[in-house]
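Single-structure report; data block below.
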Amino acid sequence: MLCRAALSARRCTNARCLLSRVQITAASCHPKFAPAVHRQSSRHWSNVPYMTVPLIRSHGKPFTHRSELKHAKRIVVKLGSAVVTRGDECGLALGRLASIVEQVSVLQNQGREMMIVTSGAVAFGKQRLRHEILLSQSVRQALHSGQNQLKDMQVPVLEARACAAAGQSGLMALYEAMFTQYSICAAQILVTNLDFHDEQKRRNLNGTLHELLRMNIVPIINTNDAVVPPPEPNSDLQGVISIKDNDSLAARLAVEMKADLIIVLSDVEGLFDSPPGSDDAKLIDIFYPGDQQSVTFGNKSRVGMGGMEAKVKAALWALQGGTSVVIANGTHPKISGHVIADIVDGKKVGTFFSEVKPAGPTVEQQAEMARAGGRSLATLQPEQRAEVINRLADLLTDNRDEILTANKKDMEEAEDKGRLAPPLLKRLSLSTAKLNSLAIGLRQIAASSQDSVGHVIRRTRIANDLELEQVTVPIGVLLVIFESRPDCLPQVSALAIASGNGLLLKGGKEASNSNQTLYRLTQEALSLHGVKDAIQLVNTREEVEDLCRLNKLIDLIIPRGSSQLVRDIQKAAKGIPVMGHSEGICHVYVDIEASVEKVTRILRDSKCEYPAACNAMETLLIHRDILRTPLFDQIIDMLRVEQVKIHAGPKFASYLTFSPSEVKSLRTEYGDLECCIEVVDGVEDAIEHIHKYGSSHTDAIVTENESTAEYFLQHVDSACVFWNASTRFSDGYRFGLGAEVGISTARIHARGPVGIEGLLTTKWLLRGENHVVSDFSEHGSMKYLHENIPVPQRTAS
């Protein structure tokens, strides 16, 4: 229990803060970890023994997946010397430390129990002692030699224990001042390895820590470096790790305090399969016990007693004891300000230690498989890729009952949970008609893909016997993230096959049964020519944001879903291009010369045929002279019959005595039976409105005046612009592309419905005969011709 004198030494004015500092130079732990006979373990990893005796924990097993870390209640944050100290190893990294304190405080105020195992006393003491020595020397030299020799002063080598003694109080005072800014108190606890051999001291430590956590105080634990003896190699007891450094200290305390998670912050991103900085080094996302032989360790960090080898040993011991572990970078300026929060939020940061190894490949391995499979796919003959797509089309119709049964299960689960809105339920639903349309679309893709990959689009004779070609090639690896719509899986798969791209598919869990069935059929079709790896369905519990970080493995992200999904992906993408549209704010402008018969028919189809679609009309623009005419009455009557809720734009509302609810924003995508009506003065005003409030998706005009229509078509800057046609025609299948991976509103590469050609890029092929650039210099023997060579005609589809 806590000492009463220590409790009464100083009290915080905050009601939650009962204790500002407790200094304990002896420590205790639970009696079940009492010293046992020392035994060298028979199992070795990188020549360092680790314990094989399992620890039975009452709080359960460690988390098996990162997403569960958000449920961590008791968390230990271990700050390595490289994190706490400056690059010159003299003094503390104050900005970094302040950021860490802020993150710990936020988590503490969320109701979690935070503990910090910190280094830094030696560095802080070294700074203080150097300052004192320099000050003392400057006074003496100023008295005897003058100021001109001050710059030649030498600072003697400082002993680490003295530095720790001088720095410990200052380090704690700094922590205390920082935590006070967040109305949180901190308590200091100093321990040595010898303290863990005394049962009473260990019991005291256990009680002290529990009491501090109960009072909402953050314990800050450090080894007492002023008196600590040098570590003894291989001195672990049976089943208990020896305290050699702060890594082993953090593991020991976390296990005995039954912590849910240890976050070990160092100066590297995590655990690599080879020394960080080497050419082939890859960050290990999840590390499993038994994978030790696949890792090669490099040198220790610039400061501190431990290294990555010590961290991994401590992590495995803690994991065996029931505590989850993440090793991450606490020094990187772009991530250190939120690294702790990100880890607790379940984001893919650093290396996560897990006891449960998944049966299938990781998403990184899937991306690498898709890369290799895509390259094999691209080398197939066009006829072979077409065979695969046609085979998939046949499988969709031959296995219709199995697909619909799986989809029925998804529909029933979605309806029972009540989480999906009616428009999303409609997207989730499959039918015989949908499958037949899918099969027809896939066969269209197969027919149009005969001359897609490797098509020569430009030929140039640079000089005699030096010819250049520009040819189409796949983009690489595509990541397509889609919600609700299982029919997206075969469509996108067919387009990837036709364009020779590797593909990662991430579907929504609401369609998991349908997606699994369709994916199995896709794999069966790919096996026709041995390219099953080219398409991968991500079944792991990867968050979308984590997938967007795989910039070294993925070349293009294509979101298919709600505008919120697209915006989230565009925000989360780290160096990976995103092709798509964040909103589908589509307009239909009814001109003064519009046909009465055409207007209601086109408007009904644009708004009511499928209101959840991104190409559905959201804003109806009406020429002001149509107001109070029979045509206007017919438009309003049709919308009322179709139960479309009307929102009035500012100009339209000004014409009405009793108007519908005035629109909150003219940039609204309703995605339901709702729309905005606004009045414009003419075609120029309509175009100006579209450019100001639209999303560059699809906009249409209804008019019988050809010159007005052409003016609209030429001046509206959207991906799709229509005349006397429903906005719902904006679709890859309806455009004759067979299918689409999405609709792009970007202005580079692909725009509008994206089919096969939108999934291709180009490369340049140069064929010469011993040509060198120096031959084309001013005094060289050759001259550039730059003659265009006719390009072979494409094969007719």
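Distances between placed amide hydrogens fall under 5 Å for Ile286 paired with Phe352, all partners being 5 or more residues away or on another chain.
Across region 438-444, rounded Karplus estimates of 3J(HN,Hα) from the backbone phi angles (6.51 cos²θ - 1.76 cosθ + 1.60, θ = phi - 60°) give 4, 4, 5, x, 5, 5, 5 Hz, Gly and Pro being marked x.
Where does region 557-711 land on Rg(C-alpha)/(2.2 N^0.38 Å)? Please list the in-between numbers first.
Numbers: Rg = 16.2 Å, N = 155, 2.2 N^0.38 = 15.0 Å.
Working it through for region 557-711, the quotient is 1.09.
Relative contact order for region 523-612: what is it in percent, counting Cα pairs under 8 Å that are at least 6 residues apart? Intermediate results must be reported in sequence, preceding the final value.
Working: 59 pairs, mean separation 18.7, N = 90.
Relative CO of region 523-612 lands at 21 percent.
Placing pseudo-labels 7 Å out from each Cα toward the beta carbon at Lys70 and Leu94 gives an inter-label distance of 3.6 nm. With the convex hull of the Cα atoms taken as the outline of region 89-130, the averaged projected area works out to 3.2 nm².
Most tightly packed first, judged by the mean number of other beta-carbon atoms within 10 Å of their residues, the peptides 608-614, 114-120 read 114-120, 608-614.
For region 121-126, the Karplus equation 6.51 cos²θ - 1.76 cosθ + 1.60, evaluated at θ = phi - 60°, returns couplings of 5, 5, 5, 5, x, 4 Hz by residue, with Gly and Pro reported as x.
Using Cα pairs closer than 8 Å and at least 6 residues apart in sequence, work out the relative contact order for region 710-786, in percent. Write down the numbers at each step before the final one.
Values: 58 pairs, mean separation 13.1, N = 77.
Taking the mean separation of contacting Cα pairs over the length of region 710-786, I get 17 percent.
When you restrict to C-alpha pairs under 8 Å that are six or more residues apart and normalise by the size of region 413-500, the relative contact order lands at 35 percent. Highest average first, the peptides 756-763, 786-793 ordered by how many other beta carbon atoms sit within 10 Å of their residues are 756-763, 786-793.
Which loop trypsin sites (Lys or Arg not before Pro) in region 653-751, with loop taken from DSSP, have no more than 16 other Cβ atoms within 10 angstrom of their Cβ?
Details: sites: Lys664, Arg667, Lys692, Arg728, Arg734, Arg747, Arg751; in loops: Lys664, Arg667, Arg734, Arg747, Arg751.
In loop regions of region 653-751 (DSSP not H, G, I, E or B), the sparsely surrounded trypsin sites (Lys or Arg not before Pro) are Lys664, Arg667, Arg734, Arg747.
Report the trypsin sites (Lys or Arg not before Pro) located in region 574-610 that are in a DSSP loop and have at most 11 other Cβ atoms inside 10 Å of their Cβ, or state none. Show your work: numbers first, answer last.
Working: sites: Lys574, Lys598, Arg601, Arg604, Lys607; in loops: Lys574.
Sparse-neighbourhood loop trypsin sites (Lys or Arg not before Pro): Lys574.
A simple rule links phi to the HN-Hα coupling: the Karplus curve 6.51 cos²θ - 1.76 cosθ + 1.60 with θ = phi - 60°, which for region 762-769 gives 10, 9, 10, 10, 10, 10, x, 9 Hz, with x for Gly and Pro. Under 5 Å from the amide H of Glu113 lie the amide H atoms of Arg74, Ile75, each residue being 5 or more positions distant or on a separate chain, with H modelled from the backbone and absent for Pro and chain starts. Under 5 Å between amide hydrogens, built in the peptide plane, is the criterion, and for Thr761 it picks out Val473, Ile475 among residues at least 5 positions away or on other chains.
Each reported figure results from applying straightforward, stated rules to the coordinates on display, with no laboratory input. A quick note: this is a predicted structure, and the numbers were derived from the prediction, not measured. As a convention, Cβ positions derive from the backbone with ideal geometry for all residues, glycine included, and neighbour counts pool all protein chains shown.
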